[in-house]
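Enquirer: Sharing a structure below in structure tokens format, with a few things to ask.
A short reminder: the numbers here are calculations on the coordinates, not readings from a lab. These numbers were taken from a predicted model, which means no experiment stands behind them. Note that we place each Cβ from the backbone using ideal geometry, even for glycine, and neighbour counts take in every protein chain shown.
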Amino acid sequence: MTFSLAGRCTETGRIGFAVATSSVCVGARVGAITEGCVVFSQARTDPRLHAVGIAAWQGGKDAAETLSAMREAATAPHWRQLGILTSAGAPLHYTGASCLDHCGGLEGANSLALGNFLGSADVLPEMVRGFEEATGSLEERLQAGMLAGEAAGSEREPLQSASLKVLGSEGLMDADIRVDFSTHPLKDLGVLWLDWAPKAAAYRLRAIDPDKAPSSAEVEGRPA
């Protein structure tokens, strides 16, 4: 009961993903990212499979081997939905036979949409279209794809949570935003993004060169 979207930016080399579902706290359960690779484990989710996928990717940088390792590690794989998007090459995905319709995966030129228990067969194509046709930052394009999927049918049950993660350079997340419980999680995710976006560079500087970083008061616009 989840739909997710991984994407890459050919101009910056960044990769990331967004996800929404009809249960709470999806950001704690679906999706992981490391340098060069996004992995998904969803449907009847086993978050431990993310660690399996990340380890396999780091060991060989091979997407097919990464997906195979996750499938082999899965208990009752017929209930699992898995996906891989790397910084180069075609996305890969797997949907077990017990996952609820509408379900499956769809590859774009620089994206992968994955979903189950969807409200219509148009959700995945609209997610890919929304991402591939959008302009702006990777974070904005991922949100555009998710909103397009929501408009095309979303899930069969009301959404309750959403998450957005984008990995930048030097191992630092450029965005790591969660809405754990909301009646409009994708809308609220967008509000959080608008607040975070102008502050992201300052918090990145804190990690890289803290002597040059502005104070929290300056970043947040509070009196010193």
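Enquirer: So if I take the centroid of the Cα atoms in segment 86-155 and the same for segment 8-55, what is the distance between those two points in Å?
Expert: First find each Cα centre; the distance between them is then 13 Å.
Enquirer: Report the Cys residues of the chain lacking a disulfide-compatible partner, meaning no second Cys Cβ under 4.7 Å from their Cβ.
Expert: Cys9, Cys25, Cys37
Enquirer: I want to verify a result. In a Gaussian network model of the chain, Cα cutoff 10 Å, which of these has the top mean-square fluctuation: Leu159, Leu85, Leu114?
Expert: Leu159
Enquirer: Next question, about the same structure. Determine ³J(HN,Hα), in whole Hz, for all residues of segment 81-95 in sequence, where each value follows from phi through the Karplus function 6.51 cos²θ - 1.76 cosθ + 1.60 and θ = phi - 60°; x replaces Gly and Pro.
Expert: In residue order, the calculated couplings are 10, 10, x, 9, 10, 10, 5, 8, x, 6, x, 10, 7, 9, 10 Hz.
Enquirer: Using a Gaussian network for the chain with springs between C-alpha atoms less than 10 Å apart, which of these wobbles most: Ala151, Ala213, Ala64?
Expert: The residue with the greatest mean-square fluctuation here is Ala213.
Enquirer: In terms of the Cα gyration tensor, with a ≥ b ≥ c the square roots of its eigenvalues, is segment 94-135 rounded because a/c is under 1.5, prolate because a/b exceeds b/c, or oblate?
Expert: It comes out oblate by the Cα gyration axes.
Enquirer: Next question. Relative to the longest principal axis of the chain, what angle (0 to 90°, nearest 10) does the C-alpha long axis of helix 185-196 take?
Expert: 30 degrees
Enquirer: Which angle between 0 and 90 degrees, to the nearest 10, do you get for helix 48-60 versus the longest principal axis of the chain when only C-alpha atoms count?
Expert: In the chain, helix 48-60 runs at an angle near 80 degrees to the longest axis.
Enquirer: A further question on this structure: Can you tell me which of Pro91, Pro214, Pro158 moves the most in a GNM of the chain? Springs connect C-alpha atoms under 10 Å apart.
Expert: Largest GNM mean-square fluctuation: Pro214.
Enquirer: In what sequence do Met173, Met70 fall when counting other Cβ within 10 Å, fewest first?
Expert: Going from sparsest to densest Cβ surroundings: Met173, Met70.
Enquirer: Okay, next question. To the nearest 0.05, how large is the calculated FRET efficiency for Ser216 and Asp62 if R₀ is 30 Å and r is the Cβ-Cβ distance?
Expert: Efficiency, from the Cβ-Cβ distance: 0.10.
Enquirer: Another question, then. Measure off 7 Å from each Cα along the Cα-to-Cβ vector at Thr10 and Leu192, then give the distance between these two points in nanometres to one decimal.
Expert: 3.1 nm
Enquirer: Here's something else I'd like to know. Please compute the contact order of the chain in relative form: average sequence separation of alpha-carbon pairs under 8 Å and at least six residues apart, divided by the residue count, as a percent.
Expert: 21 percent
Enquirer: Still on this structure: Would you order Tyr203, Tyr94 from fewest to most other beta-carbon atoms within 10 Å of each residue's own beta-carbon?
Expert: Tyr203, Tyr94
Enquirer: Under the Karplus relation 6.51 cos²θ - 1.76 cosθ + 1.60, θ = phi - 60°, what is the ordered set of whole-Hz ³J(HN,Hα) values for segment 123-129, x standing for Gly and Pro?
Expert: Result, ordered by residue: 4, 5, x, 6, 4, 5, 4 Hz.
Enquirer: Return one number: the angle in degrees, 0 to 90 and rounded to the nearest 10, between the long axis of the Cα atoms of helix 63-73 and the longest principal axis of the Cα atoms of the chain.
Expert: The two axes meet at around 70 degrees.
Enquirer: Could you please report the charge total around Leu172, scoring K, R as +1 and D, E as -1 over all other residues with beta-carbon less than 15 angstrom from its beta-carbon?
Expert: Spelling it out: positives minus negatives among the neighbours equals -1.
Enquirer: So what's the net charge close to Arg204: Lys and Arg +1, Asp and Glu -1, counting the other residues with Cβ under 13 Å from its Cβ?
Expert: Overall, the nearby charge balance is 0.
Enquirer: Sticking with this structure for a sec: Which net charge results when you count Lys and Arg as +1 and Asp and Glu as -1 among the other residues whose beta-carbon is under 13 Å from that of Cys37?
Expert: +1
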